[in-house]
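What follows is one structure encoded as structure tokens, with my remarks underneath.
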Amino acid sequence: MSFKVLLSEMVERTPGAQGAILADWEGEAVDQVGLMDDYDLKLIGAYKGVILTNLRDVAGRLNGDQLKEIVITTEQAQLIILPVTLDYFLVLTLNRSDLLGRALFEARRCLRVLQEEIG
């Protein structure tokens with residue numbers, strides 16, 4: 001299954017979702033879908049890659065555990081960052097007022113399929 005189809009299905013099933021991006025360890029977009037501008041979505045992916053890398057380092061130093069997910073909440077948005085493998089990560093962005101629990105459920109569902117696809 002193509003990455004774009006997986007990301008599209010996740011965004012469609014997530015109320016308030018604005019976009020999703022699958023990026024590599026450098027923050028470069030592999031594929032993306034969304035209601036927002038492509039450039040903005042790529043920018044989110046790039047910066048969230050930096051955050052993920054830094055938090056992975058901190059988690060590894062503190063207790064040797066692997067980071068599973070990151071949720072960032074701002075005044076207007078919520079962002080979910082999920083490592084797919086050591087080399088790829090998934091970002092889902094949604095409106096601040098929408099249900100985070102549903103978004104996490106859909107992101108984790110998409111994550112499992114991506115992990116199978118990427119291996």
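The values are calculated or read from the model by the stated rules, or taken from the named source; none is laboratory data. As the structure is a computational prediction, the values presented were derived from the model and not from experiment. So basically every Cβ, Gly included, is an ideal-geometry build from the backbone, and we count neighbours across all protein chains shown.
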Legend entry - Residue match in the range 107-115 (condition: under 15 Å from residue 20 (Cβ atoms), assigned to a helix (DSSP H, G or I) and more than 13 Å from the chain's Cα centre (by Cα)): yes
Inset, instruction - Go through the range 29-48 and give me each residue that's in contact with a Gly (Cβ under 8 Å, 6 or more places away or on another chain) and assigned to a loop (DSSP other than H, G, I, E, B). - result: 35, 36
Inset, instruction - Considering (1) free of Cβ contacts under 8 Å to residues at least 24 places away in the same chain; (2) over 12 Å from the mean Cα position of the chain (by Cα); (3) crowded, with 17+ Cβ neighbours inside 10 Å, say which one residue 65 fails and leave the rest. - result: (3)
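Kindly indicate which of 20, 59 is surrounded by 14 or more Cβ atoms within 10 Å (Cβ to Cβ) and part of a helix (DSSP H, G or I).
59
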Inset, instruction - Could you figure out which of (1) within 11 Å of residue 17 (Cα to Cα); (2) without any contact (Cβ under 8 Å) to a residue 24 or more places away in the chain; (3) crowded, with 16+ Cβ neighbours inside 10 Å isn't true of residue 78? - result: (2)
Inset, instruction - Kindly list, by first and then second residue, each pair from a residue in the range 1-29 that is at positive phi to a residue that is basic (Lys, Arg) and surrounded by 15 or more Cβ atoms within 10 Å (Cβ to Cβ), limited to pairs with Cβ atoms under 8 Å and residues at least 6 apart or on different chains. - result: 27/48
Legend entry - Residues of the range 52-111 that turn out to be under 18 Å from residue 41 (Cβ atoms), among the acidic types (Asp, Glu) and out of contact with any Ser or Thr (no Cβ under 7 Å at 6 or more places or on another chain), as a count: 1
Legend entry - Where residue 98 falls short, out of the listed (1) at pLDDT 95 or above; (2) surrounded by 15 or more Cβ atoms within 10 Å (Cβ to Cβ): (1)
Legend entry - Positions within the range 31-56 being closer than 20 Å to residue 108 by Cα and surrounded by fewer than 19 Cβ atoms within 10 Å (Cβ to Cβ), in sequence order: 31, 51, 53, 55, 56
Legend entry - Matching residues, the range 81-95, being more than 13 Å from residue 20 (Cα to Cα), surrounded by 14 or more Cβ atoms within 10 Å (Cβ to Cβ) and of a type in the set (Ser, Thr, Tyr): 88
Inset, instruction - Sort out which residues of the range 1-17 are of a type in the set (Gly, Ala, Ser) and part of a helix (DSSP H, G or I), and write them in order of number. - result: 8
